[in-house]
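Student: My questions all concern the structure below.
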Amino acid sequence: MSIVHVKINGIPVEVEEGTTVLNAAKKAGVKIPTLCYHDDLKPFGSCGLCIVKQEGSAKIIRACAAPVSENLSVITHDAELFEVRKTILELILSNHPSSCLTCIRNGECELQDLAVEFGIREQPFESRISDRPKDTSSASIVLDPEKCIKCGRCVQVCQDMQGVFALEFIGRGDGTVMAPAAMLQLEDSPCVRCGQCAAHCPVGAIYEKDETDSFRSAVKDPNKQVVVQIAPSIRVGLSESFGLPAGTVTTKKIYSAIRRLGAVAVHDTNFGADLTIMEEGSELVARLTKGGALPQMTSCCPAWVDYVEKYYPDLLDHVSSAKSPMQMVGAIEKTYTAQKMGVDPAKLYTVAIMPCTAKKYEAIRDEHMHSSGYQDVDLVLTTREFARLIKSSGIDFLHLEEEEADSPIGEYSGAGTIFGATGGVMEAAVRTAYHVVTGKELEHIEVESVRGLSEVKKGAVDFDGTPIRVAVIHGLTHVKEVMDEIRAAKAEGKQAPYEFIEVMACRGGCIAGGGQPYGANDELRVERSAGLYADDKNSKVRCSHHNESIHKLYEEFLEKPLSEKAHHLLHTSYQDLPVYKA
Amino acid sequence: MAFRNYILVCGGTACESSRADQIYQNLIEECKAQGVADEVQIVKTGCFGFCEQGPIVKILPEDSFYVKVKPEDAKELVSEHVIKGREVARLLYDKESSRKHAKVEDIKFYQKQFRIVLRNCGFIDPENIDEYIAREGYQALEKALFEMTGEDIIEELKTAGLRGRGGAGFPTWMKWNFSRQAANDTKYVVCNADEGDPGAYMDRSTLEGDPHSVLEAMTICGKTIGANKGFIYIRAEYPLAIHRLEIAMKQAREYGLLGSNILGSGFDFDIEIRLGAGAFVCGEETALLHSIEGHRGMPTPRPPFPAVKGLWGKPTVINNVETWANIPVIITKGGNWFNKIGTADSKGTKVFALTGKIRNSGLVEVPMGTTLREIIYDIGGGIANNKKFKAVQTGGPSGGVITEDDLDTPIDFGSLVRIGSMMGSGGMIVMDEDDCIVDVAKFYLNFTVDESCGKCAPCRIGGKSLCNILEKITIGNGTMKDFETLETIGEAMKKGSLCALGQTAPNPVLSTIKHFKDEYLAHIVDKSCPSGTCKKLVKYTINAEKCIGCTACARKCPVAAITGERKQVHIIDQSVCIKCGVCMETCKFGAVEIH
């Protein structure tokens, strides 16, 4: 890569060939305003805010998309550019309701930030607001066309990043809207509820279904005992909501906050992750030794499961029958925990704090999610809802004392905690499956080959002579390559060159899930994952099969992995779903 | 075989719509019936350009130019002209009634034209490749394949100084060179035939009348840059042009002039037609390429430019139809021949679609440097119906208006920009005193707003805002503040829009405000439309001297706005009147007047 010399407002900068003017400016400490631009996406060029001038020419270029060229000299800020940018912003605002005070993004909105940056004090243009109603058909995500500023991020995310195609530009010109094809409701579209659209929306046009009021009612209800579990990703994600550096592990403060919110017990989904490894690992070993569809594919990501049901129903027999860690914990809470606490399970209200919007649907998906005889997980709140809950409850999060979770559903191994990062499930599974297959302990339990942001990671782990070939994929748009391989092999009656495949719908894994704090980009993904890997390193127990509490659960309750009881409570099945419900 | 007469019937879309095909068929029938079928060759050609006078029939060798021909005239044309050798005077084009036997070279409409792009239109049968070849067709391709290197071709284009004819005027040699120099890769050649400016039909006529010129040019480009595949992206609303292109491609393939191993050179090049689907914005090059790729036709930021990163990310040369049509002539006659035509900054000719309130509307091709006055008055014959010239609009919805003061401007890329308009693709619409300039601006804005893809905020929101303001002004709700708002939004659109549709959409408004501020003030302050076009601003009044009090108008008025006793002068209450015009239609005495 050759070096290119450019000037940003006269400041000389050296950058690699192919760098955009926007990023070259960053190097010079110059922040060019943007709105439609997002690090995760190809430059789109719709908002027009990043326009800069080429020195010595009348040419105006969009900094987000223009690659640098040798001796390029740009002016990024002057009176003329300020006026044009301000007018563009005022035009966008004329299409946008002025109801910030009642908006879910109040205080966390990119349009608000720009209005502040440009000192907007009046709305000089005639206001024209869409009167299309909200789409509340989905269990997880709400579309509010009134607030949409047509930046195009959601469409790019859904099509290019996720390969789901639930959203498209419909119509033309002033009447353009971002909606499912044929203006169908979201629930009838291919939407898998991953929430990446909501996570990338700069304003309040797409957001998670807010169910914090259900939590507030539950803790106030004398007939309900609230039990809360937190996903691996919460402990590194919540920190940003309270101004801490990305990736800061705040597990024990979170436990404390949950008790202050009124829960009678604090559990950790990481325990469920360990449980999942026991069940799924045993399932893999059974397929390897006794037969069954190979490669086996993970099932803990509900958006991925929905994606297989819609787009690859012919491969459903490859998906592990194990439920997700969240659902396993829920089922155990309403049976085992209820018994232990001496509480009527009908009065137990189980809450899960998740980085994920799809989990709201997972909890009500089918009769398997009511395996305890009751709804196993009563309420799913995303990290963003959880942050709002804490902030509205008078809890000074940063100054909380650290507390421990309740036993045994609060005890976890390092393998469980890394479930939140792409490759984490695979690594956890390898640590335990190795032991089950070979009887020995894996020496290098940190499996580097499955870590990192490479979209399709392939590797092989030597199980004492037996090579176990794995693939780890994140970002649904990238599954095609491997799924096509499996289909091709299947057509020839062969097995594709993998034994085990992990898929996470969201780039980077759950740590950058649709319900996590805003602003995720690759830098943040790396930092959040690093927090989890550090949590793993600091754990007393590193492997799921070394988690004493897991052993206790089997001894006292489940008997052994894949037992009848385990099957009933901890496993599920899948169905062929139409891509569009016409 | 020598024919006694050649009858050329114009087969352009306009003449076809006026039953040119029937004329053609009738001529064939009549020649048969009158026993001269073997001695007369009847050919349907491309557009003659003199559309005002269509349907056109030209008979050779006398070079007789018959205009406004009807199918029933076929009999007389054969019996008189062919058999008796006597011209049918009543059908000849007569500029002055005293002149008979008006030959083409005597026709003022043609005198100042110089047809390079339209060289074959009106001369050859576009559905017969032999006729194209007979008129030096495919000689340029032969030269390019066997006698010239890619560098030679670029040099020739550079000498010629050809600039793109789609509107941007980018030096053609430079564009081809970027693609030529791009790393060895799959490359593409694309023809932009998505002509969308209202009133523009230069490309349509070129493709209908001389499709091979474009095919040959694209193949030459393929050889120059190293591409083996070309696409012609043509709007679906041009079925005749599509039909003629398909025939031309088939014939070219049969002759080894398109496809594999062209003329035995070892060079493969083939072309595919892709149809548009009703979006003006797909005339923008990046949107067009995305449309070919199967995506929604929305522009993407440039740089990077298509010449480097175009169709499917590959180096792509995309040029306008008219640009392509110039290429074969430049190769055969040489760049030095070409650069003697035109001005310092714009070489060659330009085809204009001269329409509007002009006596001789049609397709004209003139050397760059011809003045607007020459085009409008000498070629165009001046304003129709003895009305007064008001303005001429060039560049379609992207251009500005030009007034009387600037009519002596020699046309070229630079000069039109300097006087506040632009060349555009060649639309030239003449307006007279009866045209409301505010309404003209509103028309163009309605068009760009309708055609906006909606991707970028400045165009999507700004365009609509401009449109709404103009609407307000034309119904009497304008305010003085509107000038400032139009100016501010216009600037933001010019500088912030993603593509030229949005960047140039404010031009008609801003240009008309500059040159015709008084007319805007009349609409805003006086709430009146001087030309009487804006319905809501016209006043219907009853002339007291003509009104006899018959009460007919009062009875017809749908809102009871007219009062008056029998045999007394009636009055229209302006606050109630909805300007429907029924009173005016009803009055038998011409007493109702518009102001």
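Student: Taking the Cα atoms of the protein assembly as shown alone, what are Rg (to one decimal) and Dmax (as a whole number) in Å?
Tutor: 37.2, 119
Student: Give or take rounding to whole Å, what are the principal axis extents of the alpha carbon atoms in segment A:96-144, in descending order?
Tutor: Rounded to whole Å, the extents work out to 38, 25, 14 Å.
Student: If you don't mind, another one. For segment B:273-422, list log₁₀ I(q)/I(0) at each q in 0.18 Å⁻¹, using the Debye formula over Cα point scatterers of equal strength and ignoring solvent, two decimals each.
Tutor: -1.15
Student: Take the solvent-accessible surface of the protein heavy atoms, probe 1.4 Å, and return the percent of it on segment B:187-238 that carbon and sulfur atoms account for. Write down the numbers at each step before the final one.
Tutor: Numbers: 320 of 780 Å².
Looking at segment B:187-238 in its full context, I get 41 percent from C and S.
Student: Check the straight Cα-Cα distances from A:Lys490 and name the aspartates and glutamates below 20 Å, setting aside those fewer than 8 residues away within the same chain.
Tutor: A:Glu309, A:Asp314, A:Asp317, A:Glu481, A:Glu499, A:Glu502, A:Asp576
Student: So for the pair B:Arg253, B:Asp130, with labels modelled 7 Å out along Cα→Cβ, what separation do we get in nm?
Tutor: Spacing of the two 7 Å Cα→Cβ label points: 2.2 nm.
Student: List, in the order given, every pair from B:Lys481/B:Lys539; A:Lys53/A:Lys150; B:Lys481/B:Lys527; B:Lys442/B:Lys514; B:Lys442/B:Lys579 whose Cα-Cα distance in the structure shown is over 22 Å.
Tutor: Values: B:Lys481/B:Lys539 25 Å; A:Lys53/A:Lys150 25 Å; B:Lys481/B:Lys527 15 Å; B:Lys442/B:Lys514 15 Å; B:Lys442/B:Lys579 20 Å.
From the list (B:Lys481/B:Lys539; A:Lys53/A:Lys150; B:Lys481/B:Lys527; B:Lys442/B:Lys514; B:Lys442/B:Lys579), the Cα-Cα distance tops 22 Å for B:Lys481/B:Lys539; A:Lys53/A:Lys150.
Student: For the pair A:Asp366 and A:Glu556, what calculated FRET efficiency results from E = 1/(1 + (r/R0)^6), where r is the Cβ-Cβ distance and R0 = 30 Å, to the nearest 0.05? Let's see the in-between values first.
Tutor: Working: r = 28 Å, r/R0 = 0.93.
FRET efficiency, A:Glu556 to A:Asp366: 0.60.
Student: Percent of Cα-Cα pairs more than 44 Å apart in chain B, please.
Tutor: Working: 47837 of 176715 pairs.
Taking all Cα-Cα pairs of chain B, the fraction more than 44 Å apart is 27 percent.
Student: While we're here: Would you mind listing how long segment B:350-463 runs along its three principal axes, going by Cα atoms, in whole Å with the largest first?
Tutor: Answer, in whole Å and largest first: 44, 30, 24 Å.
Student: Can you give the charge dipole size of chain B about its Cα centre, rounded to the nearest 20 debye, using +1 on the beta carbon of Lys and Arg and -1 on the beta carbon of Asp and Glu? Don't skip to the end; give the middle numbers.
Tutor: Numbers: 71 positive and 76 negative charges, 290 e Å.
So the magnitude is around 1400 debye.
Student: May I ask which residue of A:Gly45, A:Val68, A:Thr19 lies farthest towards the positive end of the charge dipole of segment A:10-76, with charges of +1 (Lys, Arg) and -1 (Asp, Glu) on Cβ and the Cα centre as origin?
Tutor: Toward the positive end, the furthest listed residue is A:Gly45.
Student: Something else now. Express the carbon and sulfur contribution to the solvent-accessible surface of chain A as a percent, rounded to the nearest whole number, probe 1.4 angstrom. Walk me through the numbers before you get to the answer.
Tutor: Working: 11250 of 21740 Å².
Here it works out to 52 percent.
Student: Let me ask something else about it. Which whole-number percent is the relative contact order of chain A (Cα, under 8 Å, 6+ apart)? All intermediate terms of the calculation are to be shown ahead of the outcome.
Tutor: Details: 1181 pairs, mean separation 92.1, N = 582.
Averaging sequence separation for qualifying contacts and normalising by length gives 16 percent for chain A.
Student: Grab the other residues whose beta carbon is less than 10 angstrom from that of B:Val569, score K and R as +1, D and E as -1, and report the net. Provide the component values of the computation, followed by the final result.
Tutor: Working: positive: B:Lys546, B:Lys567; negative: B:Glu545, B:Glu565.
Every neighbour counted, the sum reads 0.
Student: Report the per residue volume, in Å³, of the convex hull enclosing the C-alpha atoms of segment A:369-412. Write down the numbers at each step before the final one.
Tutor: Working: hull volume 5.8 nm³, N = 44.
With only Cα atoms used, segment A:369-412 gives 132 Å³ per residue.
Student: Using protein heavy atoms only (no ligands, DNA or RNA), what is the total accessible area buried between B and A, 1.4 Å probe, nearest 100 Å²? Could you put the intermediate results ahead of the total?
Tutor: Working: alone 24290 and 23040 Å², together 44720 Å².
What B and A bury together is about 2600 Å².
Student: Related question: Excluding same-chain residues fewer than 8 positions from A:Lys359, which aspartates and glutamates have a Cα within less than 12 Å of its Cα?
Tutor: Correct list for A:Lys359: A:Glu208, A:Asp306, A:Asp378.
Student: Counting heavy atoms of the protein chains only and a 1.4 Å probe, report the per residue accessible area for segment A:367-426 as a whole number of Å².
Tutor: Details: 2020 Å² over 60 residues.
The answer is 34 Å² per residue.
Student: While we're here: Can you give the local net charge around A:Glu502? Use residues other than it whose beta-carbon is closer than 11 angstrom to its beta-carbon, Lys and Arg +1, Asp and Glu -1. Don't jump to the answer; show the numbers that get you there.
Tutor: Working: positive: A:Lys457; negative: A:Glu280, A:Glu427.
Cβ neighbours under 11 Å give a net charge of -1.
Student: Roughly what percent of Cα-Cα pairs across segment B:240-347 reach past 18 Å?
Tutor: Working: 3807 of 5778 pairs.
In whole percent, the share of Cα-Cα pairs in segment B:240-347 beyond 18 Å is 66.
Student: Which FRET efficiency, nearest 0.05, do A:His568 and A:Asp522 yield, Cβ-Cβ r, R0 41 Å? Spell out each step's value before the answer.
Tutor: On the way: r = 41 Å, r/R0 = 1.01.
Result of the calculation: an efficiency of 0.50.
Student: Another question, then. How large is the translational diffusion coefficient of segment A:319-461 in µm² per second when you combine the Kirkwood radius over alpha carbon pairs with Stokes-Einstein at 25 °C and 0.890 mPa s?
Tutor: Values: Rh = 17.8 Å.
Translational diffusion coefficient: 138 µm²/s.
Student: Under 20 Å Cα to Cα from B:Lys567, which aspartates and glutamates show up? Leave out anything in the same chain fewer than 8 places away.
Tutor: Output for B:Lys567: B:Glu545, B:Glu585, B:Glu593.
Student: Where the eigenvalues come from the Cα gyration tensor of segment B:443-550, what are the semi-axes √(5λ) of the equivalent ellipsoid, largest first, in whole Å? If you can, show how the numbers build up before the last one.
Tutor: Numbers: eigenvalues 231, 38, 21 Å².
Calculated on Cα positions only, the semi-axes equal 34, 14, 10 Å.
Student: Here's something else I'd like to know. Quick check: residue separation of A:Ala181 and A:Ala530 times 0.36 nm, minus the Cα distance between them. What number comes out in nm?
Tutor: Numbers: separation 349, 0.36 × 349 = 125.64 nm, distance 3.89 nm.
The A:Ala181-A:Ala530 span can extend by a further 121.7 nm.
Student: With every protein chain present, what is the per residue accessible area of segment B:549-595 (1.4 Å probe, Å²)?
Tutor: Accessible area per residue: 65 Å².
Student: If you don't mind, there's one more thing I want to ask. Could you tally the net charge around A:Gln159, taking each other residue with its Cβ under 12 Å from the Cβ of A:Gln159, Lys/Arg +1 and Asp/Glu -1?
Tutor: Details: positive: A:Lys42, A:Arg153, B:Arg296; negative: A:Asp160, A:Glu168.
It works out to a net charge of +1.
Student: In segment B:483-528, what residues drop by 10 Å² or more of accessible area when the other protein chains are put back, versus the chain on its own? Use 1.4 Å, and skip ligands and nucleic acids.
Tutor: Flagged in segment B:483-528: B:Thr485, B:Thr488, B:Ile489, B:Ala492, B:Lys495, B:Gly496, B:Leu498.
Student: Given the C-alpha centroids of segment A:241-314 and segment B:159-209, what is the distance between them in whole angstrom?
Tutor: Comparing the Cα centres of segment A:241-314 and segment B:159-209, I get a distance of 57 Å.
Student: Tell me the Kirkwood hydrodynamic radius of segment A:1-101 in angstroms, computed as one over the mean inverse distance between distinct C-alpha pairs. Let's see the in-between values first.
Tutor: Numbers: mean 1/r = 0.0700 Å⁻¹.
About 14.3 Å, per the Kirkwood formula over Cα pairs.
Student: Using 10 Å bins from zero, what percent of all Cα-Cα pairs in segment A:79-121 falls into each bin?
Tutor: Final binned percentages: 27, 56, 16, 2.
Student: What pairs from A:Lys440/A:Lys552; A:Lys340/A:Lys560; A:Lys27/A:Lys59; A:Lys134/A:Lys457; B:Lys158/B:Lys187; B:Lys390/B:Lys535 go past 30 Å between their alpha carbons? Walk me through the numbers before you get to the answer.
Tutor: Working: A:Lys440/A:Lys552 22 Å; A:Lys340/A:Lys560 19 Å; A:Lys27/A:Lys59 23 Å; A:Lys134/A:Lys457 39 Å; B:Lys158/B:Lys187 21 Å; B:Lys390/B:Lys535 20 Å.
Those over the limit are A:Lys134/A:Lys457.
Student: Now for a separate question. Using just the Cα positions, wrap segment B:175-306 in a convex hull and report its mean projected area in square nanometres, one decimal place.
Tutor: Over all viewing directions, segment B:175-306 projects a mean Cα-hull area of 8.3 nm².
Student: In nm, to one decimal, how far is the B:Lys68 label point from the B:Lys556 one, both placed 7 Å along Cα→Cβ?
Tutor: Each label point lies 7 Å from its Cα, and together they span 3.1 nm.
Student: Provide, as a two-decimal number, the C-alpha radius of gyration of segment A:119-264 over 2.2 N^0.38 Å, N being how many residues it has. Can you show the working numbers first?
Tutor: Details: Rg = 19.1 Å, N = 146, 2.2 N^0.38 = 14.6 Å.
Its radius of gyration relative to the 2.2 N^0.38 Å reference: 1.31.
Student: Follow-up question, since we're still on this one. Debye calculation, C-alpha points only, no solvent: report log10 I(q)/I(0) for segment A:217-374 at q = 0.08, 0.09, 0.11, 0.12 Å⁻¹, in the same order as the q values.
Tutor: Taken in order of the listed q values, log10 I(q)/I(0) reads -0.27, -0.35, -0.51, -0.60.
Student: Assuming a strict under-28 Å limit between Cα atoms, what lysine pair count do you get for segment A:185-328 once near-sequence pairs (fewer than 8 apart, same chain) are dropped?
Tutor: 14
Student: What nm distance separates the two modelled labels at B:Lys546 and B:Arg359, each placed 7 Å from Cα along Cα→Cβ?
Tutor: 2.9 nm
Student: Scan segment A:1-58 for trypsin sites (Lys or Arg not before Pro) in coil per DSSP, keeping those whose Cβ has at most 16 other Cβ atoms within 10 Å, and list them by number.
Tutor: Details: sites: A:Lys7, A:Lys26, A:Lys27, A:Lys31, A:Lys53; in loops: A:Lys31.
Sites meeting the loop and neighbour criteria: A:Lys31.
Student: Report the equivalent ellipsoid semi-axes for chain A in whole Å, largest first, defined as the square roots of five times the eigenvalues of the gyration tensor built from alpha carbon atoms. Kindly include the intermediate steps, with their values, before the conclusion.
Tutor: Working: eigenvalues 348, 156, 107 Å².
Over the Cα atoms of chain A, the ellipsoid semi-axes are 42, 28, 23 Å.
The values are calculated or read from the model by the stated rules, or taken from the named source; none is laboratory data. Here the structure is a predicted model, which is why all the values come from computation and not from measurement. Ideal geometry is used to build each Cβ from the backbone, glycine not excepted, and the neighbour counts take in all protein chains shown. Accessible surface areas use protein heavy atoms only, side chains included; no ligands, DNA or RNA. Shrake-Rupley method; radii C 1.70, N 1.55, O 1.52, S 1.80 Å.
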